[in-house]
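Just below is one structure, and these are the notes that go with it.
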């Protein structure tokens, strides 16, 4: 099954690597957003979003991720500072820390695609930390960033 993937990342080389990996797995990259406004402009077509925490317009990734998750997009955070997300972001699948080895990136994207397809019977891949649904639901992005 193929999905439309939104990349929310302000570092061009990282974003292009993500795009190549996504397309190599048979998914479609619907675009690269380097800030919150661009992400929301592209969001309507997204099935999956890979979201960094710190974007061109500041630490807006958690707001982007929560908003996308509320719109039924499968969200995976990819950041060098997972602690900035506290216990999690409501509705998001989890977080993986950058830099990410290529093999782990492939496994993480496939895991999110499997979850999006309704398959929940596999463990998360190496390096991916799933958010605790109860904790994440109690926290909003502002609370997660305050930690």
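Each value in this text was obtained by applying a stated rule to the coordinates, not by laboratory testing. Being a predicted model, the structure only gives us computed values, none of them experimental. So basically every Cβ, Gly included, is an ideal-geometry build from the backbone, and we count neighbours across all protein chains shown.
Since residue 113 meets every condition but one in (1) out of contact with any helix residue (DSSP H, G or I) (no Cβ under 8 Å at 6 or more places or on another chain); (2) at positive phi, which condition does it not meet?
Result: residue 113 passes all but (2).
Which of the numbered conditions does residue 35 fail, given that it passes all the others? Conditions: (1) touching a strand residue (DSSP E or B) at 6+ places or on another chain (Cβ under 6 Å); (2) in contact (Cβ under 8 Å) with a residue 40 or more places away in the chain.
(2)
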